[in-house]
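Colleague: Structure provided below as structure tokens; questions to follow.
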Amino acid sequence: MLILAIESSCDETAAAVTEGRKVLSSVINTQIEEHKIYGGVVPEIASRRHCENISAVVEKALDDAGKTYADLDAVAVTFAPGLIGALLVGVNFAKGLAMSLGVPLIPVHHLRSHIAANYIEAPDLKPPFLCLTVSGGNSILTDVTDYTEFKMIGGTRDDAAGECFDKAARAMGLPYPGGVNLDKIATEADTKKYPLPTPRVEGSPYDFSFSGLKTAVINTIHNATQKGEEIDVPVLAATLRQKVCDMLIHRTLAAAKELGRDTLVLAGGVSANSELRTRLEEECKKADIAFYRPPLCYCGDNAAMVGVQAYYEYQSGNLAAEDLNAFATLPIDYK
Ligand code: KG4
């Protein structure tokens, strides 16, 4: 089954041609350079660039795969969650294309597709498994019982892990996208030099909280500035990274043990974080849990993962009609 997948939930216009779990082509047009000057994504600019780029990105995905519109069996698109104006560009393009070709339209939840990024290079991976999905807008812990069956068992009470990294990085004077650059320059953590708090979420063992850490980093920087002291950015970055990873890793492993899951999957943009990848792998090895993480090229937003998840959504009969809408928020276990 040949699927053309489209992704436009944030600042990447992406298209891919997939067949089951196989990726025939994957094209990503990123707007990072343009948003960099504002220190973050400007939604209106993102929508406009998607409008300008989407036709060429789709054509290139077809060309790279050596396919034409006539070869397609379905069109898939990210419809939620994300920036509403940005999502609408992909959704409307996909609707028009599916209607004109007379093929099914498959709506794909953005976080489900991030999880599916793991299927691309791991032919043996199949549900059930526990999944930690960490991105710029979301941080959730999900029990994945089947390819299209999800049960959210925990999540952040405030900021997403990526948001915490991005805002802290901005306060440290690092360029957008902050999380990536913070990870690159971080050296050794020193909790004595920078005593950041250990966040607690009382009574909810699988929930996370990151806004306190973000505020603590900002306050540390303000206090130093007022005293005329210089911040050791690589050390502060490493200390924050360690604290964020501590919270994610401890709670995720506790959930895996409690639920008796022997497979753990990492997903979302923050899954590219070097410390999170290595420490989770080590901890899983110790606990005799099989560990999967997406290849680095599929950690960020892309359409290949949308096409792969769409294949399973199609098999479950999850199709959309011409009235498909986009949604800025939608839980992963929506019905
Ligand atoms: O999944 P994604 O590409 O977009 C969303 O759907 O949100 O995630 C983007 C987030 C950003 O917050 C970015 O800073 C973060 O992922 N990120 C990282 C790393 N690479 C990307 N955070 C920490 N370390 C990284 N290496």
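The values are calculated or read from the model by the stated rules, or taken from the named source; none is laboratory data. Since the structure is predicted, the reported quantities are computational estimates derived from the model, not experimental observations. Methodologically, a virtual Cβ is constructed for each residue, glycine included, from the backbone with ideal geometry; neighbour enumeration extends over all protein chains shown. The accessibility values were calculated without ligands, DNA or RNA, using every heavy atom of the protein model including side chains. Shrake-Rupley method; radii C 1.70, N 1.55, O 1.52, S 1.80 Å.
Colleague: For the chain, with all protein chains present and a 1.4 Å probe, just round the carbon and sulfur fraction of the accessible area to a whole percent.
Modeller: Carbon with sulfur: 50 percent of the solvent-accessible area.
Colleague: Beta carbons within 10 angstrom, averaged per residue: use that to sort the peptides 66-78, 315-327, highest first.
Modeller: Top to bottom by mean Cβ count within 10 Å: 66-78, 315-327.
Colleague: How far apart, in nanometres, would the label points at GLU33 and LYS285 be if each is projected 7 angstrom from Cα along the Cα-to-Cβ direction?
Modeller: Inter-label distance under the simple model: 4.0 nm.
Colleague: When the chain is fully extended, how far beyond the present Cα-Cα distance does ALA328 get from ASP124, taking 0.36 nm per residue of separation?
Modeller: Extending this stretch completely gives an extra 70.1 nm.
Colleague: Follow-up. Which net charge results when you count Lys and Arg as +1 and Asp and Glu as -1 among the other residues whose beta-carbon is under 12 Å from that of VAL23?
Modeller: So the environment of VAL23 carries a net charge of -1.
Colleague: Note down the relative contact order for the chain as a percent, whole number, built from C-alpha pairs under 8 angstrom at least six residues apart.
Modeller: 25 percent
Colleague: Right, another one. Along the charge dipole of the range 1-81, which of ASN53, SER26, PRO81 sits closest to the positive end, that is, farthest toward it, with unit charges on the beta carbon of Lys, Arg, Asp and Glu (+1, +1, -1, -1)?
Modeller: My answer, from the dipole projection, is PRO81.
Colleague: Please identify the GluC sites (Glu not before Pro) of the range 82-176 that satisfy two criteria: DSSP loop assignment and at most 15 other Cβ atoms within 10 Å. Which are they?
Modeller: Passing both the DSSP loop test and the Cβ count: GLU121.
Colleague: Could you give the size of the charge dipole of the chain about its Cα centre, using +1 on the Cβ of each K and R and -1 on the Cβ of each D and E, expressed in debye and rounded to the nearest 20?
Modeller: 600 debye
Colleague: Net charge near ARG293: determine it from the other residues with C-beta under 9 Å of the C-beta of ARG293, scoring Lys and Arg +1 and Asp and Glu -1.
Modeller: Net charge around ARG293: 0.
Colleague: Per-residue HN-Hα couplings for the range 306-316, Karplus 6.51 cos²θ - 1.76 cosθ + 1.60 at θ = phi - 60°, whole Hz, x for Gly and Pro?
Modeller: Here the 3J(HN,Hα) series is 5, x, 5, 5, 4, 4, 6, 4, 4, 5, 8 Hz.
Colleague: I'd like the orientation of helix 211-226 relative to the chain: the angle between its Cα long axis and the longest Cα principal axis, in ° from 0 to 90, rounded to 10.
Modeller: 50 degrees
Colleague: Also: Residue farthest toward the positive end of the dipole of the chain, with Cβ of Lys/Arg at +1 and Asp/Glu at -1: which of MET99, LEU296, PRO234?
Modeller: Value computed over the given set: PRO234.
Colleague: Quick check for you: with a 1.4 Å probe and neighbouring chains kept, what is the accessible area per residue of the range 95-151, in Å²?
Modeller: The answer is 32 Å² per residue.
Colleague: How do the peptides 26-34, 13-21, 175-183 rank, highest first, by the average count of neighbouring beta carbon atoms within 10 Å per residue?
Modeller: Ranking, from highest mean packing down: 13-21, 175-183, 26-34.
Colleague: Let me ask you something else. Would you mind checking LYS167/LYS335; LYS126/LYS257; LYS95/LYS335; LYS151/LYS257 for any pair whose Cα atoms are more than 28 angstrom apart?
Modeller: LYS167/LYS335
Colleague: Still on this structure, please answer the following. Can you pull the percent of Cα pairs in the range 127-293 with separation above 20 Å?
Modeller: Of all Cα-Cα pairs in the range 127-293, 49 percent lie more than 20 Å apart.
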